[in-house]
1. Kindly state, to the nearest 0.05, the FRET efficiency for residue 86 paired with residue 29, given R0 = 45 Å and r defined as their beta-carbon distance.
2. Mind checking the full-extension length gain between residue 4 and residue 71? Use 0.36 nm per residue of separation minus the Cα-Cα distance, one decimal, nm.
3. What FRET efficiency would be calculated for the residue pair residue 59, residue 37, taking the C-beta separation as r and a Förster radius of 30 Å, to the nearest 0.05?
């Protein structure tokens, strides 16, 4: 239920405006909104959406009328390097950008299920990390305690010995 359009002669900024408009919409609503929009990007995204709908019905045997636009991604492609003539035989360089557009269709309930699975997997990873860190922290704490107790014994023995020496000398 995917469709992609590579190296289309439309700036990614302009294509992103159209993508933002239809992202997350139901497929029939998105088709109607694109049909009513008077932009070159709307024509391109509309054809791409119709292609994704045809892929869903033909390849996956799904009803595209019940689907939503799960993701629509616009990436920057290569750029044509052009130049505008200036005075004294110079040229001012500029670039004409190309776009790559990808659409993924899905069902409204699938997104929530996948989010729950991802959250449960993250929680399990965190729990594993915490259980793995605890023994090493305890061993470090016990080492610190043993060093501090040894230091305390040295201090008490050194404090007691000068007092005994001072009483012996008097």
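1. 0.40
2. Values: separation 67, 0.36 × 67 = 24.12 nm, distance 1.16 nm.
Contour length minus the Cα-Cα distance gives 23.0 nm.
3. Details: r = 28 Å, r/R0 = 0.93.
Efficiency for this residue pair is about 0.60.
Any read-out appearing in this document is the output of simple, stated calculations on the displayed coordinates, not a laboratory observation. The structure displayed is predicted, hence computed values, not measured ones. Note: ideal-geometry Cβ built from the backbone for every residue, glycine included; neighbour counts use all protein chains shown.
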